[in-house]
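Bear in mind these aren't lab numbers, they're just calculated from the coordinates by the rules spelled out. Bear in mind that the values here come from a model prediction, so they are computed numbers and not experimental data. Note that each Cβ is placed from the backbone with ideal geometry, even for glycine, and that neighbours are counted across all protein chains shown.
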Amino acid sequence: MKDTVIMGIETSCDETSVAIVKGGKKLLSNIIASQMEIHKSYGGVVPEIASRKHMELIMIVCQEALDKAGLSLNNIDGIAVVPGPGLKGSLLVGLSFGKAIAFASEKPLIGVNHIEGHIFANFLNSQDIGFPFISLVVSGGHTSLIIVHNFCQFEVIGRTRDDAAGEILDKIAKYLGLGYPGGPIIEKLAVCGKEDAIYFPRPLLNSNDFDFSFSGLKTAVINYLIDKNKAQQKVNINDLCASFQKAIIDTIKYKTIAAAEKYNISRIVLGGGVIANETLKKELIEYARNVNISVYCPPKELCTDNAAMIAVAGFYKLKAGITDSFDLDVYTR
């Protein structure tokens, strides 16, 4: 199947993306139309606006992906699309479009879980990763730890109980009036701050499981700001961002390494938009190296939502003979 060509479609949130991948490794095109500028003024993604914009863009993006790859639909061997998790309206646009293409061109339809896509972004560009491995997926909607036994067998061992890491970065940035998306802004300000200036809690750090919970950390930061305001004391925003970010990073890296050690797995694979944070990536890699654990991470442009990762996952599912019927439906969680 080294010449199998898969089209991936990703519309789970606010990026309209279509990509074409050959043989599960060679990226022929990966077109991403971001809605970030549209949602900035709202301080976050507005679901109704996102889904309407997907409808405007999906055909244009698809044609651009085909043109860049120098292919037509006749050259495509399978259509991989995300049914969930994500925003319902956004997912419906991509899934309906994918079904239409698959039906019209008589190609197999392959449903790819969005988180599954983030995992297999690492397999693009021929990274040689052995099984099993622990996958850490950190984004605006997800903070998950998963044991990946093979291309089709996954075991979730930890997930967020409330707010995801990326979600509280956005919420605290919005509370501070810094803008959207919050993660890159806080990361930039944190560079000039002291990460030990303020102590914030590391939620569930000593729990007997590998779940995450960040709502309490969010509340602690807000309460700190309220107390400072009441006392009419100035807050050093750089120090606040550095200390807040450090609490998130410590929680993620300690729990991830603990999971790898408990299950005696020496490989960790990263994915999701928050993994684009250079400080998180650097600390996790260094911490893992000290206990002889290898860490794999996709290029920065493949950390955020994109269709290339969906096409890669779709390739391996098709290779295993896994396809979906046209009854495939969306799921938000």
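Before anything else, pin down the relative contact order of segment 129-298: Cα pairs under 8 Å, at least 6 apart, normalised by residue count, whole percent. Working shown, then result.
Working: 304 pairs, mean separation 45.4, N = 170.
Relative contact order of segment 129-298: 27 percent.
Could you rank the peptides 79-89, 174-184 by their average count of other C-beta atoms within 10 Å per residue, with the highest value first?
In descending order of packing, they fall as 79-89, 174-184.
Sorted from largest down, give the three principal axis spans of the alpha carbons of segment 129-298, whole angstrom values.
55, 27, 27
For the pair Ala231 and Asn206, what calculated FRET efficiency results from E = 1/(1 + (r/R0)^6), where r is the Cβ-Cβ distance and R0 = 30 Å, to the nearest 0.05? Present the calculation step by step, with values, prior to reporting the outcome.
Values: r = 31 Å, r/R0 = 1.04.
Step by step, r from the Cβ atoms, then E = 0.45.
Quick one: which residues, 5 or more positions from Val295 or on another chain, have an amide H under 5 Å from its amide H? H modelled 1.01 Å from N in the peptide plane, none for Pro or chain starts.
Here the answer is Ile268, since their amide H atoms fall under 5 Å of that of Val295.
Using unit Cβ charges (K, R positive; D, E negative) and no other charged atoms, how large, in debye to the nearest 20, is the dipole of the chain about its Cα centre? Don't skip to the end; give the middle numbers.
Values: 34 positive and 35 negative charges, 103 e Å.
My answer is approximately 500 debye.
Starting from the amide H of Val82, placed 1.01 Å from N in the peptide plane, find each other amide H under 5 Å away whose residue is 5 or more places distant or on another chain.
Ile9, Thr11, Val112
Over the chain, with a Gaussian network built from C-alpha contacts below 10 Å, which listed residue (Leu109, Leu91, Leu28) shows the highest mean-square fluctuation?
Highest fluctuation among the options: Leu28.
Quick one: order Thr323, Thr16 by neighbouring beta-carbon count within 10 Å, fewest to most.
Lowest to highest Cβ neighbour count: Thr323, Thr16.
May I ask you to list the residues of segment 285-324 whose amide nitrogen lies under 14 Å from a point 7 Å from Cα along the Cα→beta-carbon direction of Glu278?
300-301
Could you tell me what percent of the DSSP beta bridges with both partners in segment 129-298 are antiparallel, to the nearest 5? Before the final figure, lay out each step's value.
Working: 11 of 19 bridges.
Counting only bridges with both partners in segment 129-298, antiparallel ones make up about 60 percent.
Given R₀ = 41 Å, FRET efficiency for Ile265-Ile49 by Cβ-Cβ distance, to 0.05? Each step should come with its number before you reach the end.
Working: r = 41 Å, r/R0 = 1.01.
The formula returns an efficiency of 0.50 here.
Which of Phe131, Phe212 comes first, and how do the rest follow, when ranked by fewest Cβ neighbours within 10 Å?
Phe131, Phe212
Rounded if a/c is under 1.5, else prolate if a/b beats b/c, else oblate: with a ≥ b ≥ c from the C-alpha gyration tensor eigenvalues square-rooted, which is segment 134-217? Write down the numbers at each step before the final one.
Values: a/c = 2.30, a/b = 1.75, b/c = 1.31.
Cα axes put segment 134-217 in the prolate bin.
At 0.36 nm per residue, and after removing the present C-alpha to C-alpha distance, how many nm does the segment from Asn238 to Tyr199 gain when stretched out fully?
Numbers: separation 39, 0.36 × 39 = 14.04 nm, distance 1.40 nm.
Full extension from Asn238 to Tyr199 adds 12.6 nm.
How large is the charge dipole for segment 1-119, taken about the Cα centre, if only the Cβ atoms of Lys, Arg (+1) and Asp, Glu (-1) carry charge, to the nearest 20 debye?
Roughly 180 debye, rounded to the nearest 20.
Between Ile129 and Ser41, what FRET efficiency follows from the Cβ-Cβ distance if R0 is 45 Å, with the result rounded to 0.05?
0.65
Specify which labelled value, from [x] 1.38; [y] 0.93; [z] 1.01, agrees with Cα Rg over 2.2 N^0.38 Å derived from the coordinates of the model shown.
[z]
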